[in-house]
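Accompanying notes for the structure given below.
Values in this text are rule-based calculations from the coordinates and carry no lab data. Treat the numbers as computed from the prediction; the structure is a model and nothing was measured. Note: ideal-geometry Cβ built from the backbone for every residue, glycine included; neighbour counts use all protein chains shown.
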Amino acid sequence: MNPLLTKLNIETVNAGACFGHDGWIEDSTAELLDSINPSTGETIAQVQLCSTATYDRVIDETAESFKTWRSVPAPKRGALIRDLGNALRENLEPLGELVSLEMGKIRAEGIGEVQEMIDICDFAVGLSRQLCGSTMHSERPGHRMYEQWHPLGPVGIISAFNFPVAVWSWNAALAAVCGDTMVWKPSPLTPLTAVATQHICNRVTADHGVSGLFSLTIGDNETVGGRILDDERLPLISFTGSSKVGRMVASRVAGRFGKTLLELGGNNAIIVEPDANLDLAIRGIVFGAVGTAGQRCTSTRRLLVHESCIDEVIERLKKAYAQVSIGDPLASSTLMGPLITPESVEKMTGVIEQAISEGGSLVCGGDTIEGQGNFVQPTIIRMPVQTDQVIEETFAPILYVIPYQNIGHAIQIQNSVPQGLSSSIFTTNLLTAERFLSATGSDCGIANVNIGTSGAEIGGAFGGEKETGGGRESGSDSWKVYMRRQTNTINWSEDLPLAQGIQFG
Ligand code: UN1
C-alpha cells in the first residue's frame, strides 16, 4: 500500500461506491480500475467500478438522506462543513501529495488544490447564515411578497482529472450548506484521490450522525456517467469537462428538464500592451502556460503581444522556459510534471505539427521526453495570425504567440474563439485596462488586469461564457444554482384584490 494512503488512514481502497461511514459497497465481481501514476506509468492501486445495481443503491441512499438533510437548519449544516474544512486542514499535506502522485501536478499545486477545498469550506460556513432572499413591495394593499430559497435535491457532480478534488469541493461544500445531498462521479483517471476524500468526508459525517450526504460512484462514463445524466432523482448535474461532452450533457439533462451547471473548455489569452510591466507579465505568462503542465481550464493558451514588443517578450519567455525543471512532481525543485496520459502526449505532438503546418514557427520545446512517464517539453509557437488550430483548446503546455497592432485588434482576436472562460491584460494604462474590462472588452467570465488567466480565488464566481457553458461555481452568488427559489405572496387583509387591477365577477 502506498505510504500516503497510510498517512491518510485509509486501510482499504478497493470499493468504488460509498454513501457514508458504513456505506462502502464491496463488489467482488466488479471490474477493476487502475489508478496510474502518470510520472511512471505504474499502477498505484485498483478500485472497483460501480455496477448498475450498486449505482441504484447509492442514489436511493442519497435521495433518502435528502429528506432529512433539507430540514436541518442551514447554520447547523454549516457546522458540518466547518468540520470538513478542519479535517482537510489536518490532511492538507498527504491529500495534496496524493493529488500530485495520481494527477501529476507539482506538490505546491497539489497542496494548493487542497487549500482551495479548505477555502471553499470556510466560505460555505459563512454562507450557511446568508442564504438570503429578497422582499418586494406588493401592488395590492394588505399583501406582502418575498422570496425564499429551499434545498433543491440530490445533486450529481461529474468532475475532471485536472482538479480531481477541488472542483468537487466547490460543488460539495455549497450544495451541503444549501441542504442538498450529492453523488460524485470523479474522472476515471483519478479515482484514488476521490476515495481518499470520501474517507475524510465519512469521518466527519459519522461524527455528525449523518449518512448519504456525500456519496461516491466510481465508474465509466456510460454506465455511471450516463445514468447520472438520465436520473430523474437528480435535479441538478454539475459537469466539468470538454465542450464536446458538455454539449451532450446539456441536451441530455435538458431533455428531462434537469438543470446543469457546466464548466467546459477554455482558450484563455493574455494581452501584453507596450506599456506593460514585463517582469510581472513574464511571470504571469509562465505560471499560466506551464503551471499544471497546461492542464487547467484556465491555462494560458494564447499570448497576444503588441507588435512593437513581441520580439522582446518572446526572447524573455525563451529564457524563462529554459529554467523550467521537468520531472517528478513530488520533488521540490520540479516546476512541471507529466501530462495525464500517453494519449495526451500524442495529441500534443499532433497539434504542434498542425500548428506548424498552419504557418507557426517553433520558438522552444516541441518534443516529448523519452523514458518513463508522460513528460513533454513546454512549448511556444509563434503564429502569424490566429489559425484554426489555435482556436481549439488543447490540454497541454502549448503557448501560441500572436502579434497585434492596437488594443481594439487585440480584443477582437481574444474574443474570436468559441470558448469564453478566462482572459487577462498586462498594462499600466488605466484607460486600456478599463476598455478591456468594459462591455465592449473581454467576453469571458473572468477578466484580469496585471495577473494571469489561471489561479482564481474561490471568493468570486468561477466560470465562463459561450462554449465554456455559462455555469458559475464557487464564490459570489453561485450558491443559488443549488437551491430552488420560491416566490411567496401573503394576503393579511380582509379582501381579495387581484393583481393588475382585474375585476372578476
Ligand atoms: C480548472 O481548471 O478546472 O483558477 C479549475 C484556477 C483554479 C481552478 C481551475 N483556481 O486556475
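Worth pointing out:
- Stretching residue 356 away from residue 233 to a fully extended chain increases their span by 39.4 nm, per 0.36 nm per residue minus the current alpha-carbon distance.
- Potential lengthening between residue 52 and residue 437 on full extension [0.36 nm per residue; Cα-Cα distance subtracted]: 133.8 nm
- Distance in nm between pseudo-label sites at residue 146 and residue 372 (7 Å out along the Cβ direction from Cα): 6.3 nm
- For the range 103-175 and the range 38-71, distance of Cα centres in Å: 21 Å
- Dipole magnitude of the chain about its Cα centre (Cβ charges: Lys, Arg +1; Asp, Glu -1), debye to nearest 20: 1140 debye
- Evaluating 6.51 cos²θ - 1.76 cosθ + 1.60 at θ = phi - 60° for every residue in the range 353-362, the Karplus couplings come out as 4, 5, 4, 5, 5, 8, x, x, 10, 6 Hz, glycine and proline recorded as x.
- Quotient of the Cα radius of gyration of the range 256-330 and 2.2 N^0.38 Å, N being its number of residues: 1.41.
- The peptide list 174-180, 75-81, 64-70, 469-475, put in order of mean Cβ contacts within 10 Å with the highest first, becomes 174-180, 469-475, 75-81, 64-70.
- Near residue 44, the amide H atoms lying under 5 Å from its own belong to 35, 36, 37; only residues 5 or more places off or on other chains count, and H is placed 1.01 Å from N.
- Using a Förster distance of 45 Å, the FRET efficiency for residue 92-residue 319 (Cβ separation, nearest 0.05): 0.85
- Electrostatic dipole magnitude of the range 268-449 [Cβ: Lys, Arg +1; Asp, Glu -1; Cα centre; debye, to 20]: 320 debye
- Shown in residue order for the range 381-387 are the 3J(HN,Hα) couplings computed by the Karplus curve 6.51 cos²θ - 1.76 cosθ + 1.60 at θ = phi - 60°: 10, 8, 10, x, 9, 7, 8 Hz (x for Gly and Pro).
- Gained length - residue 489 relative to residue 307, 0.36 nm times residue gap less alpha-carbon distance: 59.5 nm
- Per-residue ellipticity at 222 nm, computed for the chain from helices alone with -39500 (n - 2.57) per DSSP H run of at least four residues, works out to -11000 deg cm²/dmol.
- Shape analysis of the range 359-493 yields a ratio of the Cα radius of gyration to the Kirkwood radius, Rg/Rh, of 1.12.
- Amide H contacts of residue 450 (H built 1.01 Å from N, under 5 Å, at least 5 apart or other chain): 425, 426, 427
- Short to long, the 5 Å bins of the Cα pair-distance histogram for the range 206-254 hold 5, 16, 26, 24, 12, 9, 5, 4, 0 percent of all pairs.
- Summing charges over all other residues whose Cβ lies under 10 Å from the Cβ of residue 128, with Lys and Arg as +1 and Asp and Glu as -1, gives +4.
- Interchain or long-range residues, amide H under 5 Å from residue 468's placed H: 420
- Computed Rg/Rh of the chain, alpha carbon atoms with Kirkwood Rh: 1.01
- For the range 268-449, the Kirkwood hydrodynamic radius from C-alpha pairs, put into Stokes-Einstein at 10 °C and a viscosity of 1.306 mPa s, yields a diffusion coefficient of 97 µm² per second.
- Listed peptides 214-226, 453-465, 486-498, 356-368 by packing density, highest first (mean Cβ within 10 Å): 214-226, 453-465, 356-368, 486-498
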